[in-house]
Amino acid sequence: MKKSPVILLGHGSGGRLSHELIQNLFIKAFHNNVLDKQTDAAVLPFPSDKLAFTTDAFVVNPLFFPGGDIGKLAVAGTVNDLAVSGAKPLFLSASFIIEEGFPYEELEKVVNSMAIEAQNAGVQIVTGDTKVVEKGKCDRLFITTSGVGAIIGGDAKNINEREIQVGDKIIINGSIGDHGMAVMAARNELNLSAPILSDCACLHELIHSITEITDEVHFMRDATRGGLGTVITEVCENQPFGALLYEETIPVSENVRGMCELLGFDPLYVANEGKVVLIVSSKDAEKVVNQLRNHPKGVAAAIIGEIVSQHPGQAWLKTAFGSTRVIDMLAGEQLPRIC
C-alpha cells in the first residue's frame, strides 16, 4: 500500500495502517533489542535495587522552534527529571496522540529527532503507544513520555533529603529564559536580527560530573515552566530559611533581556529546558562552578544567590540598583504552550 502523506484515522485503528506506521516509523527509528520484541510490556535489565520513575507530557506550540522541536524536548525533559533526582537515565516510553491529517513527513522529523536525542543521551525508548484522533480533537501532536533511571550508590541521598542549610550557595549552569523566548519568537514569527536558540538539552552527564566531585549538593531542580523564580520560591515555601538572589550575577543573554523588555516579560519566570538550579554547601560552591564551566553545557555557570536566615519562607531579589523585592510564585500562565 502506498504511504499516505498525512496521518489517517486508520493509522490508529490497530489494523494494517497502524502496523505499517509502527514498523516503518517507530520501530525503525527507535530500534533496540527490547522494543523490537513488541511485547505489551517491556522487560528490562536493571543494574540497581532502587529506581527513579517520572512521567511528563509535551504540548509545545509551535512543534519546531530554533534549537529544538517537540521530539527533542520530550526526551531531554524526561532525562533531566531523572538526572536531578540523582538517577542515571536508562529507559523511556513514548506515547503519541496525533491529529488526523497531520503530515507524515513532520511526524517522521519529530520521531527521528527523538531517536537522535535518545541515542546521544545513552537511553533507550523501549515501549510506547500511538493514538489518532479526529481532526479538531487534538492540536496536531501531543507526546507523553515516562522514564526509568537507576539510583546507584549514594548519589541521591542528599538530593532527596533536601539538607538545605543557611549559608548554602545557589548555582545555575547558564543563562536563563532562552527556551521560552525562542518559542515565543517562533510562534509569533518574529524576525529577530539575532535569533534566540532554545537551550533544550539533556543534562545528566553535566549533573553526574558534579555528583562525582562532591557530596554537598543539597538540592537540584531543572528550571522549566515557571522559570528560575518559581523554583526558588518553591525551595523556600514553608521552610525556616529564605533565599536571596543577586540580579547582577544571574546570567541572561542580551537578546533574551532585550526581547523580555520589549514584550514585558520577567526573565526570572521564563521557561528553560537546559538549566539546572543547584543548592550547594558554601565550602564546595566554587569547586562546583568550576566543574560546571568545564562542560559545554555549563560554561556560563554562576553563583547567583544564597540561603539566608532572614525572611524565612520567602525568596527575595537584590536588584542591580541595590533595592530588594520579593520573588513570588508565578501567577497565571506567562507564556502558554512552552513545553
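Would you mind telling me the antiparallel percentage of the DSSP bridges in the chain, rounded to 5? List each step's numbers first, then the result.
Numbers: 42 of 55 bridges.
The antiparallel fraction comes to roughly 75 percent.
Against the longest alpha carbon principal axis of the chain, how many degrees, from 0 to 90 and to the nearest 10, is the axis of helix 178-187 turned?
Approximately 50 degrees, to the nearest ten.
Restricting to Cα pairs below 8 Å that are 6+ residues apart, what does the relative contact order work out to for region 157-327? Please round to a whole percent. Don't skip to the end; give the middle numbers.
Details: 370 pairs, mean separation 70.6, N = 171.
Normalised by residue count, the contact order of region 157-327 is 41 percent.
Around ASP129, which amide H atoms from residues at least 5 apart in sequence, or from another chain, sit under 5 Å from its own amide H, with H modelled in the peptide plane?
ALA94, SER95, PHE96
Given +1 on the Cβ of Lys and Arg, -1 on the Cβ of Asp and Glu, and no further charges, what dipole in debye does region 9-150 carry about its Cα centre, rounded to the nearest 20?
Details: 11 positive and 16 negative charges, 39 e Å.
Roughly 180 debye for region 9-150.
What is the distance, in nm, between label points placed 7 Å from the Cα along the Cα-to-Cβ direction at GLU286 and at ASP129?
5.3
Subtract the Cα-Cα distance of ASN112 and LEU197 from 0.36 nm times their separation in residues, and report this length gain in nm to one decimal. Could you put the intermediate results ahead of the total?
Numbers: separation 85, 0.36 × 85 = 30.60 nm, distance 1.99 nm.
Roughly 28.6 nm would be gained on extension.
Taking the Cα centroid of region 107-148 and of region 281-339, what is the distance between the two, rounded to the nearest whole Å?
Comparing the Cα centres of region 107-148 and region 281-339, I get a distance of 32 Å.
Separation between the ASN294 and ALA41 pseudo-spin-labels, each 7 Å from Cα along Cα→Cβ, expressed in nm?
So the label points at ASN294 and ALA41 sit 4.3 nm apart.
With an 8 Å Cα cut-off and a minimum separation of 6 or more residues, compute the relative contact order for region 9-150 in percent.
The value is 38 percent.
Given an 8 Å cut-off on Cα distances and at least 6 residues of separation, report the relative contact order of the chain as a percent. Please list the in-between numbers first.
Values: 744 pairs, mean separation 75.2, N = 339.
The value is 22 percent.
Please compare each pair in LYS72/LYS297; LYS131/LYS297; LYS28/LYS297 to a cut-off of 24 Å on the Cα-Cα distance and tell me which ones are over it.
LYS131/LYS297; LYS28/LYS297
Relative to the longest principal axis of the chain, what angle (0 to 90°, nearest 10) does the C-alpha long axis of helix 254-263 take?
Roughly 80 degrees, rounded to the nearest 10.
When N counts the residues of region 157-327, how does its alpha-carbon radius of gyration compare numerically with 2.2 N^0.38 Å, as a ratio?
1.01
Multiply the residue separation of MET329 and THR55 by 0.36 nm, subtract the distance between their alpha-carbon atoms, and state the gained length in nm to one decimal. Mind showing how you got there, number by number?
Numbers: separation 274, 0.36 × 274 = 98.64 nm, distance 2.33 nm.
Taking 0.36 nm per residue and subtracting the Cα distance, the gain is 96.3 nm.
Could you list which residues have their amide H under 5 Å from that of LEU8, counting only those 5 or more apart in sequence or on another chain, with H placed in the peptide plane?
GLY101
Quick check on the chain: what are the equivalent-ellipsoid semi-axes from the Cα gyration tensor, as sqrt(5λ), descending, whole Å? Can you show the working numbers first?
Details: eigenvalues 272, 120, 48 Å².
In descending order, the three semi-axes are 37, 25, 16 Å.
Within 10 Å, count the other beta carbons around each residue, average over each peptide in 260-267, 176-183, 5-12, 62-69, and list them highest first. Working shown, then result.
Working: 260-267: 15.1, 176-183: 29.5, 5-12: 17.6, 62-69: 19.9.
The most tightly packed comes first, giving 176-183, 62-69, 5-12, 260-267.
Since every read-out is calculated from the coordinates, none of them should be taken as a lab result. Keep in mind that this is a model prediction, so the values were computed, not measured. Counting neighbours? That spans all protein chains shown, and the Cβs are built from the backbone with ideal geometry, glycine included.
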